[in-house]
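*Asks:* Here you go, one structure.
The values are calculated or read from the model by the stated rules, or taken from the named source; none is laboratory data. Since we're looking at a predicted model, the values are computed, not measured. Methodologically, a virtual Cβ is constructed for each residue, glycine included, from the backbone with ideal geometry; neighbour enumeration extends over all protein chains shown.
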Amino acid sequence: MKKFLTMTMVVMAFVVSMSSCSKDDDTPEVAVADQVVGSYTGTEVLTVMGEADESTETFEFTKASDVSVDVTLPKYGEGMMTVPALPVKGISLTKSGNTITGKLAKYEGTVKSADGSEKAYTVSDVTVIFSDKTVVVTFMQKYGNMPFAFEGQFTGTRK
Amino acid sequence: MPAIHLSAQSFRDSVELEPVVITASHTPKALKEAPVVTRLITLHDIKITDATNIQDMLTQEIPGIEFGFAMSQETSLNMSGFGGNAVLFLVDGERMAGETMDNVDYNRMNLDNVGRIEIVKGASSALYGSNAVGGVVNIISRENLEPWTAHASSRYNTFGHEWRNSAGFSFNTSKWNSQTSFQHTRIDPVDLPKAHTSEEIAIELMKKAQGLPYDESVLNDDSNLSRLYGQKTYNVKERLTWRASDRLTLVGRGSYYFRTSERDTYDYHFNAYSAGLKGRYAWNHARHLELSYAYDQYDKANFLPDGTRTHDHDYSNQQHVAHALYHHPFGKNNLILGADFLHDYLSTYQFVAGTSHSQNNIDGYAQFDWNIIDRLNVVSSVRYDYFSASSQKAFTGRLAIVYKYPWMTFRANYASGFRAPTLKEMYMCFDMGNMGYMILGNPDLKPEKSHNFNVAIERTNRIRNSGFLDGRYNFTLVGYCNIFDKRITTIDGPEYEGKESALYWNENGVTVWGVDASLGHIWDCGVSFRLNYSWMHETGNVYFSQFNQPRTHSMTWRIGYDHRFSRRYALDAALSGRSFGKPQSGRTDVDQGYTIWKLMLQHHLWRSIRLNTAIDNLFNYKPKSYYYSSPLTTGISFSVGLSIDLESCAI
């Protein structure tokens, strides 16, 4: 009986230790947000009232949670005719195969304008697609009292 | 007989009893004797179109008038080649302060207590002064003469989940008459369907980035608008009349209007306050003197979503108007002498910070209505205006000749018009959207001028004993030419503190040629038909902005049927439509024209209840892309409304 108990404890200890070993060997998958954060440089096309303006810009994606990212839309224009950089927070990510897609219906925030005053802005209809090191972003942007919306498209690659 | 609204008989009466109009001559005249062709929208028209405000109403009824969007999703207007600031809108003959974007706020002009609307196309400055350079739209309130009336109504439309609620009360005694009305509307934001979703665009963009085959058309969307903003309005009005004696009548009125427009970043709040006092002393039915004072204030301000007022977009326009009008008869003829004093004050974020401007307008005018013989009527008017801020003077005149054969009426008319530069156009100094692009006023602007020539023929008659065609018909054919000069617009301006600018400037004008035709028939069996068609062509310095895309051809029509089936039930049905041709600008990236149909069924239950059901955009027209002149539709929509007249319940 004593031998049986000893064997049982040995087996249990082995199972427990094997279980522990097995657990230790699992490599946790990197969070989707961690897979896409970084700087992407490429071409941004902003269209307002039917007129398109193209420029080279960098979009910086930062981790908000394991499954969401923030991005800052780069500033647009020069001098007093500037729309400052606009943070957009909480873009939810989903992964399918090698593609990670981000969606955000609407983000409202405030930002300091070129003259120092506080301006409200809205970024809506945001779609982001990451594939390998490439990202595309589409969005609508309203800034301050500007009576019209900017429609944005960005295509960039991560360094 | 108890009031049964819009029965077959009342519809016919509205046409056959020769309705009276006042706008064309400042004097009540039978429609067929008005010196200038006047388009009349009757109470029946207002009810059967189920329109909420003047914009809805005119769009459905009058060809050649088109509303679109201006900057900031405020409303723009084009009427026979003239923009909104060239068409004078009046409510009971009084002008309104304020503007949204070169227009008055059309939402102020709700139709809850409106009895009729008169539209005179072409210059009318000889009677109405500045802004009547392209025409006048006069909205005239109802005056209930029953001892008392009370009504309440509510209507829901699926487009934007729009609600319109209204209530009114009136009483009438030998000495007093009071009219009170209230209206509230609410419409939710409407996301306009895009040709492609943002996700579809992103997928094509990714294919392009990866060098895969992609659809270029998905990446280019021609729409200028993606969302219609939601808004709420409140409108309350009171008019009190005191018949002090057989000769003296005093009328006091007051109104308050509030609108909030729910934008992406801010809420825009609009407030309007209006008050007036009018006295009328009548020696007899033809000789009378009218003195009045009117005050109108229109304010705008922006609010953050948390309710904080930003004060960076404060706007206030205040107008004081004193008015005198004297009618004196000479036998069958009539002389009118009038004078006005207008004080106009404007404080706006579009001026240099902390500044405001004002000006006075003084005018005097005379009109002689000469009935040379029974068939021949000549109406001539002259007017002088002086504007203090620009030191501008304007002389305007009109000569209208009406010759009436038993079978036809002929009209010929010349009228001049002008529009003085506004305070905004003279003193603006505005960084548009804080983007470093200035809009600059120009104190040296000259008034816009117009000359309108038109000829018209009109026939109204009854057909009897002809079987199928028995009933009443009328047709009107108007040909016109508007010469419009010194039009105020913007050109590239000088550099201002290192910023680019646009400067208000007088441009060479345009000449607009056009034809308006109208044909109507009311059969004795209760069926009616009306077709209105407008053609116009512009020559000269034609200027197309993205907000203003006039069209050569436009048409409206309505087929109606009304019948009382029993004492408890009557039906008033209308199948109406409007069709707009392609824009004259030649723009090809948008729909080249469109046609929209509407079916309206108005059920009269017992004596006091009216149930309205409507299907708008019956054939589900959807613009291929939304630009500033697109119709406000995302496809078919439905509405249902209920209206109760309490005084009829009490009988």
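*Asks:* Determine, yes or no, whether B:Ile463 is within 30 Å of B:Cys429 (Cβ to Cβ) and in contact with a helix residue (DSSP H, G or I) (Cβ under 8 Å, 6 or more places away or on another chain).
*Replies:* no
*Asks:* So B:Lys194 clears everything in (1) of a type outside the set (A, V, I, L, M); (2) closer than 30 Å to A:Val48 by Cβ; (3) in a loop (DSSP other than H, G, I, E, B); (4) touching a residue at least 40 places away in the same chain (Cβ under 8 Å) except one condition, right? Which one?
*Replies:* If we test B:Lys194 against (1) of a type outside the set (A, V, I, L, M); (2) closer than 30 Å to A:Val48 by Cβ; (3) in a loop (DSSP other than H, G, I, E, B); (4) touching a residue at least 40 places away in the same chain (Cβ under 8 Å), just (4) comes out false.
*Asks:* Here is a check on your reading of the model: is A:Thr94 at the interface with chain B (Cβ under 8 Å from one of its Cβ atoms) and farther than 21 Å from B:Arg227 by Cα?
*Replies:* The answer is no for A:Thr94.
*Asks:* Continuing with this model, one more query. Please go through the stretch B:364-396 and pick out each residue that is under 15 Å from B:Ala123 (Cβ atoms) and crowded, with 16+ Cβ neighbours inside 10 Å.
*Replies:* Those that are under 15 Å from B:Ala123 (Cβ atoms) and crowded, with 16+ Cβ neighbours inside 10 Å: B:Tyr365, B:Gln367, B:Val379, B:Ser380, B:Ser381, B:Val382, B:Arg383, B:Asp385, B:Ala394, B:Thr396.
*Asks:* Can I ask one more? Assuming B:Tyr229 fulfils every condition listed in (1) touching a residue at least 60 places away in the same chain (Cβ under 8 Å); (2) away from chain A (no Cβ under 12 Å) apart from one, which condition is it?
*Replies:* If we test B:Tyr229 against (1) touching a residue at least 60 places away in the same chain (Cβ under 8 Å); (2) away from chain A (no Cβ under 12 Å), just (2) comes out false.
*Asks:* Criterion first (closer than 27 Å to B:Tyr626 by Cα and either charged (D, E, K, R) or surrounded by fewer than 17 Cβ atoms within 10 Å (Cβ to Cβ) (or both)) does B:Thr539 satisfy it?
*Replies:* no
*Asks:* While we're here: Mind checking which pairs have a first residue in the stretch B:480-501 that is over 10 Å from B:Leu440 (Cα atoms) and a second that is among the basic types (Lys, Arg), Cβ under 8 Å, 6 or more apart or different chains?
*Replies:* Sorted first by the residue in the stretch B:480-501, then by its partner, the pairs are B:Tyr480/B:Lys121; B:Phe484/B:Lys449; B:Asp485/B:Lys449; B:Lys486/B:Lys446; B:Lys486/B:Lys449; B:Ile488/B:Arg419.
*Asks:* Return the total of residues in the stretch A:84-106 being within 13 Å of A:Phe139 (Cβ to Cβ) and buried (at least 20 other Cβ atoms within 10 Å of the Cβ).
*Replies:* Within the stretch A:84-106, residues that are within 13 Å of A:Phe139 (Cβ to Cβ) and buried (at least 20 other Cβ atoms within 10 Å of the Cβ) number 5.
*Asks:* Continuing with the same structure: Taking the condition of a type outside the set (Asp, Glu), farther than 22 Å from B:Gly540 by Cβ and over 22 Å from the mean Cα position of the chain (by Cα), does B:Gly498 pass?
*Replies:* Yes; evaluated as a whole, the condition is true for this residue.
*Asks:* Moving on. Look through B:Asn220, B:Asn224 and report the one residue that is within 12 Å of chain A (Cβ to nearest Cβ) and without any contact (Cβ under 8 Å) to a residue 12 or more places away in the chain.
*Replies:* B:Asn220
*Asks:* So, one more: Could you name every one of the strands (runs of 3 or more DSSP E) located completely within the stretch B:572-651 that has at least 3 residues being over 20 Å from B:His161 (Cα atoms)?
*Replies:* B:594-605
*Asks:* Restricting attention to the stretch A:51-103, which residues are of a type in the set (Gly, Ala, Ser) and over 21 Å from B:Gln210 (Cβ atoms)?
*Replies:* Scanning the stretch A:51-103 gives A:Ala52, A:Ser55, A:Ala64, A:Ser65, A:Ser68, A:Gly77, A:Gly79, A:Ala85, A:Gly90, A:Ser92.
*Asks:* Being at pLDDT 90 or above and either on the phi > 0 side of the Ramachandran plot or of a type in the set (S, T, N, Q) (or both) is the filter here, so list the residues in the stretch B:411-465 that pass it.
*Replies:* B:Asn413, B:Ser416, B:Thr422, B:Asn442, B:Ser450, B:Asn452, B:Asn454
*Asks:* Hey, can you tell me all the residues within the stretch B:335-382 that are farther than 24 Å from B:His288 by Cβ, among the β-branched types (Val, Ile, Thr) and part of a strand (DSSP E or B)?
*Replies:* B:Thr348
*Asks:* Ok, one more. Can you pull out every residue in the stretch B:398-451 that is acidic (Asp, Glu) and either over 30 Å from B:Tyr386 (Cβ atoms) or surrounded by 21 or more Cβ atoms within 10 Å (Cβ to Cβ) (or both)?
*Replies:* B:Glu425, B:Asp431, B:Glu448, listed by residue number.
*Asks:* If a residue has to be of a type in the set (Gly, Ala, Ser) and in a strand (DSSP E or B) to count, how many in the stretch B:112-152 make the cut?
*Replies:* Looking only at that region, the number is 5.
*Asks:* Moving on. Pick from B:Asp431, B:Asp470, B:Asp444, B:Asp492: which is under 28 Å from B:Pro19 (Cβ atoms) and either over 22 Å from the mean Cα position of the chain (by Cα) or within 14 Å of chain A (Cβ to nearest Cβ) (or both)?
*Replies:* None of the other options fit; the residue is B:Asp470.
*Asks:* I would also like to ask the following. Out of curiosity, is B:Gly307 within 14 Å of chain A (Cβ to nearest Cβ) and small (Gly, Ala, Ser)?
*Replies:* Judged against the criteria, B:Gly307 is a match.
*Asks:* Those residues that are at pLDDT below 90, within 30 Å of B:Gly471 (Cα to Cα) and of a type in the set (Gly, Ala, Ser), I need them from the stretch B:507-545; list them, please.
*Replies:* Listed by number, the list holds a single entry, B:Gly526.
*Asks:* Would you check which residues across the stretch A:100-159 are among the aromatic types (Phe, Trp, Tyr), under 14 Å from the mean Cα position of the chain (by Cα) and within 8 Å of another protein chain (Cβ to nearest Cβ) and list them?
*Replies:* The answer is A:Phe139, and nothing else.
*Asks:* Taking B:His563 and the conditions (1) in contact (Cβ under 8 Å) with a residue 60 or more places away in the chain; (2) more than 22 Å from B:Glu66 (Cβ to Cβ); (3) surrounded by 15 or more Cβ atoms within 10 Å (Cβ to Cβ), which numbered condition does it fall short on, given that it satisfies the others?
*Replies:* Of (1) in contact (Cβ under 8 Å) with a residue 60 or more places away in the chain; (2) more than 22 Å from B:Glu66 (Cβ to Cβ); (3) surrounded by 15 or more Cβ atoms within 10 Å (Cβ to Cβ), only one is false for B:His563: (3).
*Asks:* Taking the stretch B:231-265 only, how many residues are among the small types (Gly, Ala, Ser) and touching a helix residue (DSSP H, G or I) at 6+ places or on another chain (Cβ under 7 Å)?
*Replies:* Residues in the stretch B:231-265 being among the small types (Gly, Ala, Ser) and touching a helix residue (DSSP H, G or I) at 6+ places or on another chain (Cβ under 7 Å): 0 in total.
*Asks:* If you don't mind, there's one more thing I want to ask. Report yes if B:Pro623 is in contact (Cβ under 8 Å) with a residue 60 or more places away in the chain and either in contact with a His (Cβ under 8 Å, 6 or more places away or on another chain) or crowded, with 19+ Cβ neighbours inside 10 Å (or both), otherwise no.
*Replies:* no
*Asks:* Given the residues B:Arg108, B:Arg164, which is the only one that is at negative phi and within 14 Å of the chain's Cα centre (by Cα)?
*Replies:* Exactly one residue qualifies, and that residue is B:Arg108.
*Asks:* Restrict the check to the stretch B:242-254 and report whether at least one residue is in contact (Cβ under 8 Å) with a residue 24 or more places away in the chain, within 30 Å of B:Ser643 (Cα to Cα) and surrounded by fewer than 17 Cβ atoms within 10 Å (Cβ to Cβ).
*Replies:* Yes; the residues of the stretch B:242-254 include at least one that is in contact (Cβ under 8 Å) with a residue 24 or more places away in the chain, within 30 Å of B:Ser643 (Cα to Cα) and surrounded by fewer than 17 Cβ atoms within 10 Å (Cβ to Cβ).
*Asks:* Which one is surrounded by the most Cβ atoms within 10 Å (Cβ to Cβ) among residues in the stretch B:36-77 that are outside any helix (DSSP H, G or I), over 15 Å from the mean Cα position of the chain (by Cα) and away from chain A (no Cβ under 14 Å)?
*Replies:* Checked the stretch B:36-77; the qualifying residue surrounded by the most Cβ atoms within 10 Å (Cβ to Cβ) is B:Val37.
*Asks:* Residue check: is B:Leu277 among the aliphatic types (A, V, I, L, M), more than 14 Å from chain A (Cβ to nearest Cβ) and buried (at least 16 other Cβ atoms within 10 Å of the Cβ)?
*Replies:* no
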